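Chemist: Please read through the structure below; I'll follow up with questions.
Read-outs: derived from the displayed coordinates by stated rules, not from any lab. Owing to the predicted nature of the structure, the values given are computational and were not obtained by experimental measurement. Cβ placement follows ideal geometry from the backbone for every residue including glycine, while neighbour counts extend to all protein chains displayed.
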Amino acid sequence: MRIFSGIQPTGALHIGNYLGAIKQFLELQEKEECVFCIVDLHAMTIPYDPRTLPKNVLDAAVCYLASGIDPEKSILFVQSQVTEHTELAWILNTVTPVGDLLRMTQYKEKSRQFQKDLNAGLLNYPILMAADILLYQTEVVPVGQDQQQHVELARTIARAFNHRFGPTFVEPRVSLPKTGAKILSLTDPKKKMSKSVPPSCLYLFDEPEIIEKKIMAAVTDLGREIKFDPIKKPGIANLLTVYSQFSGLAIPKIEKKFRNKGYADFKKSLAQVIIEALEPLRKKRKELLSREVYVREILSQGAKKARSIAQSTMEEVRKKTGLV
Ligand code: TYM
């Protein structure tokens, strides 16, 4: 089965990216044919500095590798190094209704956030994402909940293309983790943890002191009971989810463990659990940061493999659409 997913190189990854997406990647790469991408072209849709983009791309590669993505098992590459992504995106533009793009939740949010800098790339973002997915004849796309709508649109676009030009693309389906599909903000547990709101984030490579500080300061709810109740106690429910994901303990077990204890005890223990779980990743990242040539070589080999799949899909697309 072919798997594809991508992450934007827009700064450090947070535990939402890890629990929502990367943890799924790690499981899938053991049994499926996985293609993972650093989507630098998507990162251009919001204001950015061209001088720091190359470093951010390299950092994203280091994050993938430090988290356990194995270049022997998975293809890891940079989107802009395989030009078929932009070519297919243009063609998919012509089968995508504008109305479908206008109703995307992420577009609505981002167009509010970047009112003064509302470029067409923000609107067309899901079409490039569909091109990423469809180029590799992807069957399953592991993502967090915020990307589900975009994957469903990619499926609709595949269907529209197949209907208009004949069977060409596999219709992809989304894969969400059972728990952790939407990790919430540490400062406002009604919203998701998001790279664009730095105080909301616990980063994957935060140092232990910072992890402890952020967890102790995380906004929780009234009362003192450690109970999983996402409606009445979204803050505690979110922290219980994180605890469970990093410790491997089921939520009822954790509730029991802290039955007669307060938030402070629970948070102290949670910080320790996260620090320990992420220690090997922090170590591996430090080692990789000093091996830039090695990381670049992985990306270059990855792009070669990705290109060969992408080119064969594009050849068929050109034939079907009359571009000879
Ligand atoms: P990005 O870079 O915003 O996020 C990377 C992955 O992390 C997941 N995620 C979360 N999961 C749980 N809780 C959260 N708070 C949280 N925040 C982020 C995202 O759902 C995502 O899986 N458009 C995509 C990148 C992309 C892509 C693709 C993904 C481009 N082309 C093709 C899949 C297939 C994005 O911006 O992800």
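Chemist: Who wins for biggest fluctuation among D206, D265, D146 in a Gaussian network model of the chain, springs between alpha carbons below 10 Å?
Modeler: In this elastic network of the chain, the residue with the biggest mean-square fluctuation among D206, D265, D146 is D265.
Chemist: Taking 8 Å as the Cα distance limit and 6 or more residues as the minimum spacing, I'd like the relative contact order of the chain as a percentage.
Modeler: Relative contact order for the chain comes out at 23 percent.
Chemist: Taking the chain as a Gaussian network, where each spring joins two C-alpha atoms under 10 Å apart, which residue of I22, I75, I309 fluctuates the most?
Modeler: I309
Chemist: Please work out the Cα center distance from the stretch 204-247 to the stretch 1-56, rounded to the nearest Å.
Modeler: 25
Chemist: Next question, about the same structure. Label points 7 Å out from Cα along the Cβ direction at I210 and W90: separation in nm?
Modeler: Result for the modelled spin labels: 4.1 nm.
Chemist: In deg cm²/dmol and to the nearest 500, what is the mean residue ellipticity at 222 nm of the chain if only DSSP H runs of at least 4 residues count, each as -39500 (n - 2.57), divided by the residue total? Don't skip to the answer; put the middle values down first.
Modeler: Details: 12 runs with 167 residues, N = 324.
So the helix-based figure for the chain works out to -16500 deg cm²/dmol.
Chemist: Same structure again: Taking every DSSP beta bridge with both residues inside the chain, roughly what % is antiparallel (nearest 5)? Walk me through the numbers on the way to the answer.
Modeler: Details: 2 of 17 bridges.
Taking every DSSP beta bridge within the chain, about 10 percent pair in antiparallel fashion.
Chemist: Starting from the Cα-Cα distance between D70 and Q301, subtract it from 0.36 nm times their residue separation and give me the gain in nm to one decimal. All intermediate terms of the calculation are to be shown ahead of the outcome.
Modeler: Values: separation 231, 0.36 × 231 = 83.16 nm, distance 1.29 nm.
Gain in length upon complete extension: 81.9 nm.
Chemist: Between 0 and 90 degrees, rounded to the nearest ten: what's the tilt of helix 84-93 against the longest Cα principal axis of the chain?
Modeler: Around 80 degrees separate the two axes.
Chemist: May I ask which of K116/K214; K108/K213; K213/K257; K195/K232 have a Cα-Cα span longer than 24 Å here?
Modeler: Details: K116/K214 32 Å; K108/K213 33 Å; K213/K257 22 Å; K195/K232 26 Å.
Too far apart for the 24 Å limit: K116/K214; K108/K213; K195/K232.
Chemist: Taking only C-alpha pairs under 8 Å that are 6+ residues apart, what is the relative contact order of the stretch 205-286 in percent? Don't skip to the end; give the middle numbers.
Modeler: Details: 77 pairs, mean separation 29.6, N = 82.
Computed over the stretch 205-286, the figure is 36 percent.
Chemist: Related question: Residues in the stretch 78-105 near a label at K320, defined as backbone nitrogen under 11 Å from the 7 Å Cα→Cβ point?
Modeler: 92
Chemist: Binning at 10 Å from 0, report for the chain what percent of all alpha-carbon pair distances ends up in each bin.
Modeler: 6, 25, 32, 24, 10, 3, 0, 0
Chemist: Based on the Kirkwood radius over alpha-carbon pairs, what value in µm²/s does the Stokes-Einstein equation return for the translational diffusion coefficient of the stretch 205-286 at 10 °C and 1.306 mPa s?
Modeler: The estimated diffusion coefficient comes to 122 µm²/s.
Chemist: Check each of the trypsin sites (Lys or Arg not before Pro) in the stretch 1-105 and keep only those in coil by DSSP with at most 10 other C-beta atoms within 10 angstrom; list them in order. Write down the numbers at each step before the final one.
Modeler: Numbers: sites: R2, K23, K31, R51, K55, K73, R103; in loops: K31, R51, K73, R103.
Filter output for the stretch 1-105: K31, R51.
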